[in-house]
1. Which residue out of LEU55, LEU44 is over 11 Å from the mean Cα position of the chain (by Cα) and either among the aliphatic types (A, V, I, L, M) or buried (at least 17 other Cβ atoms within 10 Å of the Cβ) (or both)?
2. May I ask you to list the residues in segment 1-32 that are assigned to a loop (DSSP other than H, G, I, E, B), surrounded by fewer than 17 Cβ atoms within 10 Å (Cβ to Cβ) and out of contact with any Leu (no Cβ under 7 Å at 6 or more places or on another chain)?
3. Determine the pairs where a residue that is within 16 Å of ILE130 (Cα to Cα), located within segment 66-90, has a partner that is in a helix (DSSP H, G or I) and not hydrophobic (A, V, I, L, M, F, W, C) with Cβ atoms under 6 Å apart, the partner being 6 or more residues away or on another chain.
4. Take the residues in segment 34-75 that are in a helix (DSSP H, G or I) and of a type in the set (A, V, I, L, M, F, W, C); name whichever of them is farthest from ARG96 (Cα to Cα).
5. List the pairs whose first member sits in segment 117-141 and is closer than 18 Å to ARG155 by Cβ, whose second member is among the small types (Gly, Ala, Ser), and whose Cβ atoms are under 7 Å apart, counting only residues at least 6 apart or on separate chains?
6. For segment 148-188, name all the residues that are over 22 Å from VAL40 (Cα atoms), surrounded by 16 or more Cβ atoms within 10 Å (Cβ to Cβ) and at pLDDT below 95.
7. Filter segment 123-143 down to residues that are surrounded by 22 or more Cβ atoms within 10 Å (Cβ to Cβ), under 10 Å from the mean Cα position of the chain (by Cα) and within 12 Å of ALA93 (Cβ to Cβ), then give me how many there are.
Amino acid sequence: MESIHLTDRAVIAAQIGRAPRGLLGVPVRCSYGYPQVLRVRPVLGEEPFPTVYWLSCPHLVRAIDRLEAEGWIPRLERRMAGDARLRAAMNEAHGRYVRERWATLAAEERARLEALGRSLGLHERGIGGIADRRWLKCLHLHVAHELADGNPIGRIVRGMIPSLECPPDGVRCTALGGGASDGIEAGDR
């Protein structure tokens, strides 16, 4: 995973409407060099944060917003209910997500969460904190996971989006924070 550049922070803040919290890196960028998916800490302070991958690309967010508004969450839930292979693949994706989320934490953090009784959700809840894996919380989560690590629902949704990035004459992030990454590493500040 790439480190976080100074320009990335400005672009990400403009993409999501606030300074990013718990930002670990940018695992996926568009061909223009802008962040599409963020990797975030699974714990903020002492509170579990169920999202590991955060979709930040305004182009993708808007496209997925439209799909959700068209009712694709319940449609995909029905598809998953009727397709044992898709359910099994989703369960595997949830399992990978849970393991990755837990492995991101230092041993001291894990021990502290367990002592506070706050680790159970990180062990049991899947992508985006989903408790009942028959349901889909948000398609943005699944596309972010698909782009970063692989997710069967995210793959289906990705296939419904005409383009995974802005057209060359309409790059949204250029107006958000300037050019692509400036080469200054987060640790160099």
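1. After ruling out the rest, the residue left standing is LEU44.
2. Here is the first cut: in segment 1-32, the ones assigned to a loop (DSSP other than H, G, I, E, B) are 1, 3-4, 17-22, 30-32.
Add one more test, that the residue is surrounded by fewer than 17 Cβ atoms within 10 Å (Cβ to Cβ), and what stays is 1, 3, 17-19, 21-22, 31-32.
Matches in segment 1-32: MET1, SER3, GLY17, ARG18, ALA19, SER31, TYR32.
3. Listed pairs, sorted by first residue: MET80/ARG87; ALA89/PRO152; MET90/PRO152.
4. Quick first cut of segment 34-75, residues in a helix (DSSP H, G or I) only: 58-69, 72-75.
Subsequent filtering for residues that are of a type in the set (A, V, I, L, M, F, W, C) retains 60-61, 63-64, 67, 69, 72-73.
Numbers: LEU60: 23, VAL61: 24, ALA63: 26, ILE64: 23, LEU67: 26, ALA69: 29, TRP72: 24, ILE73: 22 Å.
Filtering segment 34-75 for residues that are in a helix (DSSP H, G or I) and of a type in the set (A, V, I, L, M, F, W, C), the one farthest from ARG96 (Cα to Cα) comes out as ALA69.
5. Taking only residues 6 or more apart or on different chains, the pairs are ILE127/ALA93; ARG133/GLY126; LYS137/GLY128; CYS138/GLY128; LEU141/GLY128.
6. CYS166, VAL171, ARG172
7. Number satisfying all stated conditions: 3.
The values are calculated or read from the model by the stated rules, or taken from the named source; none is laboratory data. Quick caveat, the model's predicted, so the values are computed rather than measured. Methodologically, a virtual Cβ is constructed for each residue, glycine included, from the backbone with ideal geometry; neighbour enumeration extends over all protein chains shown.
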